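Student: This structure is in structure tokens; I'll ask about it shortly.
The values are calculated or read from the model by the stated rules, or taken from the named source; none is laboratory data. The structure presented is a predicted model; accordingly, all values stated were derived computationally and were not measured. Quick reminder, even Gly has a Cβ in these numbers, built from the backbone with ideal geometry, and neighbours come from all protein chains shown. For accessibility, only protein heavy atoms count, side chains too; no ligands or nucleic acids. Shrake-Rupley method; radii C 1.70, N 1.55, O 1.52, S 1.80 Å.
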Amino acid sequence: MKQLWVFIKKESKHIFRDSRTLGVLFLMPLAQILIFGYVISTEIKDARIGVYNKANDYTSHQVTERLISSGYFKVVAYFSNKAEMETSLRRGNIQMAVVFPGDFGNLMQSSDGAPLQLVADASEANTAQMLVNYAQGIVNRYGWEKTGDIDQTTLPIQIDVRMFYNPSLKGVFMSVPGIMAMILILVSAMMTSISITREKEFGSMEVLLISPLKPWQIIVGKVAPYVLLSFVNAATILLVGILIFEVPMNGSWLLLGFINLIYILLSLSLGIFISTVANSQMVAMFISLFALMLPTILLSGFIYPIENMPDPLQWLSLLMPPRWYIQSVKDVMFKGAGFFVVWKELLIMISFLSAFMILSVKNFKIRLE
Amino acid sequence: MRKAESSMDVIKVDKLVKKFGDFTANDHLSFQVKKGEIFGFLGANGAGKTTAIKILCGLSAPTEGRVEVAGFDVEHQTEKVKKSIGYMSQKFSLYEDLTVFENIRLFGAIYGLSAGLIRERSERMLKNLGLYEQRNRLIGNLSLGWKQKLAFSVAILHRPQIVFLDEPTSGVDPVTRRQFWELIYQAAAEGITVFITTHYLDEAEYCDRVTIMADGKIEALETPRKLKKQFDCETMNEVFLKLTRPH
């Protein structure tokens with residue numbers, strides 16, 4: 001036990017003396033969540049719009065009022081002619097303009113409905129699309145209310161299906177569990193596989209194997225500091241998510257901690273497995289990046305909804321450990337689910353963990369020959 | 001040069017065979033090494049030296065034959081063998097991002113020495129090496145020569161019966177090599193058996209006995225003096241070339 005302890009201390013010194021790597025390890029999660037939270041946010045808030053109102057009647061004012069009170073839009077300019085509107089758009093002062101035709105209120109009572117023009121700055125294609133969709137939704141709802149059309153048939157405007165998967169329009173909610181899945185697998189698997197292969201590359205692994213240390217002591221010693229580090233990382237992401245982005249936490253902290261522990265151990269076992277396959281730090285890094293990072297981002301439901309994938313990819317995503325982690329974290333955090341809701345995900349993760357451990361031990365022994 | 005003090009054999013190798021598929025890396029090796037002896041293990045690259053050392057250290061199991069190190073069977077009593085030996089290779093000399101003393105403490109503890117014993121022995125060892133003032137410096141800041149001398153001292157800190165040195169002097173200057181060999185003599189004088197591989201044939205002259213391997217077989221095993229006489233050569237270099245050059 002004393003041997004194991006000095007070995008863990010030695011490994012921690014390696015980590016803490018490599019200040020650059022340490023910086024990356026601690027700053028990466030922060031940077032990631034801020035980037036995903038702010039930049040890739042699909043949330044729209046206070047988008048700058050302008051209004052060119054040729055009707056200037058009660059109905060058009062009400063529609064404008066609806067757009068503003070939704071919280072998504074902020075009217076920064078009112079135009080009296082087309083040229084003003086175009087200049088403002090070109091300069092980027094506004095992201096979208098709403099153009100009411102003359103006699104808007106009366107036209108709405110007619111069977112053809114009232115034409116309403118939305119002019120968006122499409123140089124930001126995604127944002128433009130989103131703004132237009134939001135505005136359409138708000139205007140339609142107003143129209144239905146006013147005409148009393150409960151079946152919603154008279155204004156055949158379709159709202160883009162992509163909104164379905166993010167109905168609350170909060171992007172950060174969706175990405176916090178995903179970012180945690182990615183960071184933890186990156187730190188745990190990549191860093192352990194690199195630190196084990198480093199010893200192989202330098203030849204110190206040979207010295208350790210010849211010493212009275214048992215192989216399991218070497219592995220536990222190398223991995224233990226990263227368990228702690230990964231926990232700190234998970235906590236950082238969670239805190240930033242909850243405090244800055246107001247991600248809800250409705251479930252049990254204990255259960256969330258347990259899910260994280262299992263996932264961290266799973267990632268570490270993956271790292272150990274990679275290190276038994278790779279002989280150099282470079283190879284270990286590339287395997288971690290391409291075999292772990294990309295599938296985590298693409299196939300786990302982190303960015304692309306699993307329900308939207310073609311069937312073969314959906315089946316493939318069943319084999320992605322992060323998928324089960326993300327699902328269980330979402331259940332616990334957002335829905336306040338207890339153990340009896342997420343036991344299936346936990347069981348799947350534990351099975352992955354055991355499988356990788358068995359494979360690693362087998363491979364480790366073969367390598368000694 | 002020097003005579004081994006005791007006739008007790010600490011390494012007994014009997015008809016050792018190691019095969020990798022069809023390839024025979026070690027072909028019926030048999031030899032004994034006496035306690036306190038400096039045993040040189042020579043051979044061209046690929047002659048099977050590394051394979052043999054790995055088996056002696058318990059890293060790899062022999063295909064056939066019996067190997068005893070420090071009185072224990074390497075195949076079945078590996079843990080006991082590991083506690084009785086020390087090992088140092090040219091490739092690795094201690095962790096660069098740990099200090100001199102931290103390295104000593106790490107390996108001392110791995111070999112089960114108490115903290116008090118580590119402090120006591122390391123102090124004596126560092127003063128002997130002239131490194132005591134530098135004990136809190138990172139290994140990365142030391143020259144290769146110092147690293148190798150320190151690595152050797154660390155490898156024998158737990159007073160093993162046998163220390164295996166795999167090309168320990170590769171890449172160090174002649175003065176440092178000389179100093180390194182003085183350390184080896186000191187260790188041998190304390191009764192530690194030294195099993196060394198080297199590519200420097202002048203170093204072979206410093207050994208009590210030398211084996212020369214070629215193609216997985218032992219071609220010669222004698223004292224350097226007898227070998228030179230037997231093959232009618234001036235230096236070990238010539239002996240080596242005679243034995244390992246393709247016929």
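Student: Just the residues that are surrounded by 19 or more Cβ atoms within 10 Å (Cβ to Cβ) and within 19 Å of the chain's Cα centre (by Cα), please, taken from region A:209-235.
Tutor: Of everything in region A:209-235, those that are surrounded by 19 or more Cβ atoms within 10 Å (Cβ to Cβ) and within 19 Å of the chain's Cα centre (by Cα) turn out to be A:Ser230, A:Asn233, A:Ala234.
Student: Need a quick list: helices (runs of 4 or more DSSP H) entirely within region A:1-119 having at least 2 residues that are surrounded by 17 or more Cβ atoms within 10 Å (Cβ to Cβ), within 14 Å of another protein chain (Cβ to nearest Cβ) and not basic (Lys, Arg). Steps first, answer last, please.
Tutor: Details: elements: A:2-17, A:19-34, A:58-69, A:82-91, A:104-109.
Here the list reads A:2-17.
Student: Okay, moving on. Looking at region B:87-129, which of the residues that are within 9 Å of another protein chain (Cβ to nearest Cβ) and aromatic (Phe, Trp, Tyr) is most open to solvent (accessible area, probe 1.4 Å)?
Tutor: B:Tyr111
Student: Of the residues B:Val69, B:Val81, which is over 20 Å from A:Met205 (Cβ atoms), surrounded by 21 or more Cβ atoms within 10 Å (Cβ to Cβ) and either within 10 Å of chain A (Cβ to nearest Cβ) or not charged (D, E, K, R) (or both)? Before the answer, list the steps.
Tutor: Numbers: B:Val81 fails: over 20 Å from A:Met205 (Cβ atoms).
None of the others qualify; the one that does is B:Val69.
Student: If I filter region B:130-140 for residues that are under 30 Å from B:Ile218 (Cα atoms), away from every other protein chain (no Cβ under 14 Å) and part of a helix (DSSP H, G or I), do I get at least one hit?
Tutor: Going through region B:130-140, the residues under 30 Å from B:Ile218 (Cα atoms) turn out to be none.
No, there is no match, as no residue in region B:130-140 is under 30 Å from B:Ile218 (Cα atoms), away from every other protein chain (no Cβ under 14 Å) and part of a helix (DSSP H, G or I).
Student: Would you mind telling me which numbered condition in (1) under 26 Å from A:Lys10 (Cβ atoms); (2) at pLDDT below 90; (3) under 26 Å from the mean Cα position of the chain (by Cα); (4) of a type outside the set (Val, Ile, Thr) A:Glu206 fails?
Tutor: For A:Glu206, the exception is condition (3).
Student: Here are the criteria: (1) more than 14 Å from chain B (Cβ to nearest Cβ); (2) modelled with pLDDT of 85 or more; (3) crowded, with 18+ Cβ neighbours inside 10 Å. Tell me which single one A:Val172 does not satisfy.
Tutor: That leaves (2) as the condition not met.
Student: Oh, and also: Having 3 or more residues that are of a type outside the set (A, V, I, L, M) and under 25 Å from B:Lys149 (Cα atoms) is the bar; report the strands (runs of 3 or more DSSP E) wholly within region B:1-116 that clear it. Show your work before the answer.
Tutor: Working: elements: B:9-20, B:23-34, B:38-43, B:64-69, B:85-89.
The strands (runs of 3 or more DSSP E) meeting that bar are B:38-43, B:85-89.
For (1) within 13 Å of chain A (Cβ to nearest Cβ); (2) surrounded by fewer than 19 Cβ atoms within 10 Å (Cβ to Cβ); (3) touching a strand residue (DSSP E or B) at 6+ places or on another chain (Cβ under 6 Å); (4) farther than 27 Å from B:Arg159 by Cβ, each residue gets a yes or a no:
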{"site": "B:Thr24", "(1), (2), (3), (4)": "no, yes, no, yes"}
{"site": "B:Asp27", "(1), (2), (3), (4)": "no, yes, yes, yes"}
{"site": "B:Glu37", "(1), (2), (3), (4)": "no, no, yes, no"}
{"site": "B:Phe41", "(1), (2), (3), (4)": "no, no, yes, no"}
{"site": "B:Gly46", "(1), (2), (3), (4)": "no, yes, no, yes"}
{"site": "B:Lys54", "(1), (2), (3), (4)": "yes, no, no, no"}
{"site": "B:Gly65", "(1), (2), (3), (4)": "no, yes, yes, yes"}
{"site": "B:His76", "(1), (2), (3), (4)": "no, yes, no, no"}
